[in-house]
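The values are calculated or read from the model by the stated rules, or taken from the named source; none is laboratory data. Everything numeric in this text was worked out from a predicted model, so none of it was measured. Neighbour counts run over all protein chains shown; Cβ positions are idealised from the backbone, glycine included. Side chains included, ligands, DNA and RNA excluded: accessible areas come from the protein's heavy atoms. Shrake-Rupley method; radii C 1.70, N 1.55, O 1.52, S 1.80 Å.
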Amino acid sequence: MKTLEIENVHANIGEKEILRGLNLALEPGKVHAIMGPNGAGKSTLSKTIVGHYDVEVTEGDIRYKGKSILDMEPEERALEGIFLSFQHPVEIPGVNNAYFLRMAVNAKRKHEGKEELNAAEFLREMKKYLEMLGMKADMISRSLNEGFSGGEKKRNEILQMLMLQPDVIILDEIDSGLDIDALRAVSEGINMMKDGKRSFLVITHYSRILDYIKPDYIHVLKEGRIIKTAGSELVAQLEEEGYESIEEEA
Amino acid sequence: MKPIELANKSLTDAATLLGVDSTSPALERLLAIGLPSKKSEEYRYFQVEKLLEETYNTLEYVPHSIEEGEKIVIVDGIVTHAPKNMRVYYDQCQAMDMTHFDPMYYLGHLLSPHVIKIDLDGDTDVEVEHHYTKSNALINYRIVLSNQANRHATLFESFHADNIRDTLVLYGYDVFVSPDSTLRMLKNQKMDENGYAMIASHRLKLNQHANAVLKSFDVGSGMGLQLFKAELDTYAYIDAGHLLYLNKEAQRGTVSKIIHRGEHSTSQQEAKNILDGHTRGIFDALIKVEHSAKYTKAHQNSKAILLNEEAYMASKPQLEIYIDELEASHGSTTGQLDPKQLFYLRSRGIRETEARKMLVIAFANTLIEQVKDHRQQEVIKALFDEAYYGNEQ
């Protein structure tokens, strides 16, 4: 069974139709990369999957593990195992990073019928990831994303992903604003999550991130539709010839 | 007594009504300014007439010996307990401000010829508990507070009422902050709908190099207005922060005038307002920089979150400046919870109601966490939670 199936989805932001009959299926254990020019609808696609309030789906369906999620609230989708790493994570002054993450982890554990983690168990679990991601210990005691650099925000997104252990992971421009060291640390975190079952959707402008996270499929998104799907060899063609060269598959 | 009956009275008639000397300068000043009404600048957002039109039982001042206790306890305006070796006593007020903007400041003084004097000696922390036990009463008292030069003192205030209804409390401080000293005053007050209403009228005088930190944490419902005038001498510094969390049909807030008189004086004032239900929040605050106050720094800010479309925030930060050599700013924003922040939390599996609570508490925390005393910080957080979660049930 596919993990996530997007079938003929049309979606608007405001009055404007952005996704125009998009079809995509994520396979278990596979890394799918979405590439496309500016304004193609890449970020709208990620927002549509997680139920963002900006997006109105006018036609089509999205099924997660065989069940339609269009009527589900964003938190229900998250609890079921869908995770979006935001392109621009918001800053929330006054919400302690560790407190927030423990709330999120325990909400998911409760949803799964597991016992909630106490403070000590949570800290133990988190510590191992902090070190791996090269995050300073004080970041976790600060307000959520407040005053974080671009790289720190992305590392914090990956920390959340590692702690929440989702089944579908959407990475929206995860490489933007990252230096080489940060990119390596973030990629290491993502690769750690590969277990042959989880599906990854990597949304990117550039091929750089795909040197670190090897994709199984490349999908080219243009004008709100997937116009081509191929293996990783497509990256080289896109690098050389750009998106203009890609013709829509029949 | 019906306070509204003082309106348009002659000096003699008003003196007879209040039982005071008709030559009292405070009475003259009160009648010159007039009782507050909806037309008064300082009371235009607060339904003061509704309170003044009620008939209240006035309380007799009965001398009471002050017992030793850990805190200063004031019951219906009478001091019952005070810490050992702390100078708490009754005396006449000899230093009334004759240019205060608030008529209720003068009414308060007229009704309280004997004020409670608290002299804070040395570096000290003291708690003041105000208790109200009488229904339909006019509870009136005033406190004169002073500290010592070169010393640091903190005063924590809390308010308690047990099953009372329809009482009006008029109280206030005359505060004298000595040169080179620091005085912190932290007030937390949870009010209910029908228990008591309060008009608190204060005056603060900051001497040279004096520092004052005023933090008020006002939560719940009811009617309450705090009005203060603060005068700053050379190199004086005031940090005022006001948190409002209102629900039901509350009308509460702050009206203030901070006046820079001395050079190099600094003021910063921040208001955080969270309004639910059919409430009205008030932040009507003027910072005035006089000709003599060169090199002043004055910053003022008010932020409000409306949780209900029936809630209304009257936010009016103002600067009145007579010099060029200064640094000043002011601002005011009113909005709702940030949908991006709310979505972010929800996208991590946190239910919407819980996410909203987290954001509201986060907004409040930016002020609460400025309270350095951990125990007091916990008290304020608990009071906030009680008002917030209590409102949900």
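Rounded if a/c is under 1.5, else prolate if a/b beats b/c, else oblate: with a ≥ b ≥ c from the C-alpha gyration tensor eigenvalues square-rooted, which is chain B? Note, shape of chain B comes out rounded. Run the numbers on segment A:81-115: which residues show a drop of 40 Å² or more in accessible area, chain on its own versus all protein chains together, using a 1.4 Å probe over heavy atoms? Listed by number, the residues meeting the 40 Å² cut-off are A:86, A:90, A:92, A:94, A:95, A:100, A:103.
Report, to the nearest whole %, how much of the accessible area of segment B:3-336 belongs to carbon and sulfur atoms, 1.4 Å probe, protein only. Roughly 43 percent, rounded to a whole number.
Shape summary of segment B:50-163, radius of gyration then Dmax from alpha carbon positions: 15.0, 46 Å.
Stokes-Einstein diffusion for the protein assembly as shown at 4 °C, viscosity 1.567 mPa s, with a Kirkwood radius from C-alpha pairs, works out to 46 µm²/s.
Could you give the length gained by full extension between residue B:41 and residue B:5, i.e. 0.36 nm per residue of separation minus their alpha carbon distance, to one decimal place? Walk me through the numbers on the way to the answer.
On the way: separation 36, 0.36 × 36 = 12.96 nm, distance 2.07 nm.
Separation in residues times 0.36 nm, less the Cα-Cα distance, equals 10.9 nm.
Give the calculated FRET efficiency between residue B:294 and residue B:333 to the nearest 0.05, with a Förster radius of 41 Å applied to their Cβ-Cβ distance. Walk me through the numbers before you get to the answer.
Numbers: r = 30 Å, r/R0 = 0.74.
Once the sixth-power term is evaluated, E becomes 0.85.
Solvent-accessible surface of chain B, taken per residue with a 1.4 Å probe and all protein chains present: 41 Å².
Where in segment B:23-72 are there GluC sites (Glu not before Pro) that are in a DSSP coil and have at most 15 other Cβ atoms within 10 angstrom of their Cβ? Please list the in-between numbers first.
Working: sites: B:28, B:41, B:42, B:49, B:53, B:54, B:60, B:67, B:68, B:70; in loops: B:53, B:54, B:60, B:70.
Those satisfying the criteria are B:53, B:60, B:70.
In terms of overall dimensions, segment A:90-165 has a Cα radius of gyration and Dmax of 12.0, 36 angstrom.
A helix-only calculation puts chain B at -5500 deg cm²/dmol for mean residue ellipticity at 222 nm, using -39500 (n - 2.57) for each DSSP H run of at least four residues, averaged over all residues. Chain A packed on chain B takes about 2100 Å² of accessible surface away from a 1.4 Å probe, both sides summed. Please compute the average number of Cβ atoms from other chains found within 10 Å of each residue's Cβ in peptide B:348-361. Mean partner shielding for this stretch: 6. Protein heavy-atom accessible surface, 1.4 Å probe, per residue over segment A:90-165: 46 Å². Here residue B:228 sits with roughly 10 square angstrom of accessible surface, probe radius 1.4 Å. For chain A, the longest principal axis of the alpha carbon atoms and the long axis of helix A:180-192 meet at an angle near 90°.
In the protein assembly as shown, what percentage of the DSSP-assigned beta bridges are antiparallel, given to the nearest 5? Once the DSSP bridges in the protein assembly as shown are tallied, antiparallel ones form about 20 percent. Just checking the listed ones, B:97, B:119, B:373: in the Gaussian network model of chain B with Cα springs under 10 Å, the one fluctuating most is B:373.
Grab the DSSP H runs of chain A that are 4 residues or longer, score each as -39,500 (n - 2.57), total them, divide by all residues and round the 222 nm result to the nearest 500 deg cm²/dmol. Don't skip to the answer; put the middle values down first.
Values: 7 runs with 82 residues, N = 250.
One gets -10000 deg cm²/dmol as the mean residue ellipticity at 222 nm.
Taking accessible area as the heavy-atom solvent-accessible surface of the protein chains with a 1.4 Å probe, which residues of segment A:60-75 lose no less than 30 Å² upon going from the isolated chain to the full protein assembly? The answer is A:74, A:75.
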